[in-house]
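The values are calculated or read from the model by the stated rules, or taken from the named source; none is laboratory data. Note that the coordinates shown come from a computational prediction; the quantities given were computed from them, not determined experimentally. Here the Cβ positions follow ideal geometry from the backbone for every residue, glycine too, while neighbour counts run over all protein chains shown.
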């Protein structure tokens, strides 16, 4: 299997393409420069970005050149795709800081040595645009009627689509044109929610430059019943260990639904497909071994071998009845003078968002201190509850957090 499109299709990445036969031939015959855009709405990538990152890595392994485009310019406008309301507007300083953080994360997944991959910031050209020139050069190629049929705009029409956001498709399309001119970029790839924007960029190059340009989108990371994966009680599943600890990251994949294991192994790891199918076919208690492989492989790719081994060891120790903390998320507290109650400590540890939620968890029998169930919402802890390994809070069967006294 030599063509990377075959690899991506077999592993379940491909959602939509344009001029697929021509693209397939191009990828067979040439080393193609392609790009994926990442808007810096936060100072870390999250699991939703991981599918396009893995696809970029497969493309690079097949000999093609990725461009990771940082949206230093588009991030100041905000993508309306998938949003029912206007995104929070970020300052230039916030966007620039987020860009630098994301750049560091990208180097974990792609080889940037000797120009094998590039990181580019679209603020380099978008921030310098003359608006009238932009309208004359780019705007003339866009039909408002056609734009309004795009899914990213249709779902915003009821609540109101701002003119600020209406420019986003033109800006993203112009990115593709600029990358075509500067780097010979022939292909834009991204999540399937970006189809309208990506297709418009390829169309702009074909209209304006009379040259071939291509678009490919990837399936979004969804559960077998259509729910978006990567959502936790604490929020998004981040790739930054400061936002989502390697242990919590490992545990998320360790606990995916049985029906999602094979799909996740195919999309999120580099395991050969024969092994993916073998693991995905396991049933009953044996599927847990496949989940362990999934959790370890994904954590290794995101956080490194050492953190993956530590997370796996900590999980085995905890579920084996040991109190060994290992890589379990840990919080140090100054003292017990304020917030001795278990529910206060649960909030501090991030195991619940509010005191009310903590009370509901306790009433439902889902809170434990050092593996002893908490039955009183006013229950307090003392220094005697802390061992040399600290104090272990648990929510439900699998959410652990260790507290240490400074």
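Observations, loosely collected:
- Within segment 92-128, considering residues that are surrounded by 12 or more Cβ atoms within 10 Å (Cβ to Cβ), without any contact (Cβ under 8 Å) to a residue 24 or more places away in the chain and not in a helix (DSSP H, G or I), the one farthest from the chain's Cα centre (by Cα): 112
- Residue 195 being touching a helix residue (DSSP H, G or I) at 6+ places or on another chain (Cβ under 7 Å) and in a helix (DSSP H, G or I): no
- Here residue 103 meets each of (1) in contact with a helix residue (DSSP H, G or I) (Cβ under 7 Å, 6 or more places away or on another chain); (2) within 30 Å of residue 62 (Cα to Cα) with one exception, condition (1).
- On inspection, residue 136 fails the criterion of being within 25 Å of residue 249 (Cβ to Cβ), at pLDDT 85 or above and surrounded by fewer than 17 Cβ atoms within 10 Å (Cβ to Cβ).
- Filter result for residue 212 (more than 16 Å from residue 37 (Cα to Cα) and either surrounded by fewer than 18 Cβ atoms within 10 Å (Cβ to Cβ) or in the same structural domain as residue 150 (by TED's automatic domain parsing) (or both)): yes
- Residue in segment 269-286 that is at pLDDT 90 or above, closer than 29 Å to residue 328 by Cβ and within 16 Å of the chain's Cα centre (by Cα) present: yes
- The condition of being outside any helix (DSSP H, G or I) and without any contact (Cβ under 8 Å) to a residue 12 or more places away in the chain holds for only one of 190, 226, that being 226.
- Check on residue 200, assigned by TED's automatic domain parsing to the domain that holds residue 76, touching a residue at least 40 places away in the same chain (Cβ under 8 Å) and under 27 Å from residue 9 (Cβ atoms): yes
- Test result for residue 82, surrounded by 17 or more Cβ atoms within 10 Å (Cβ to Cβ), modelled with pLDDT under 90 and on the phi > 0 side of the Ramachandran plot: no
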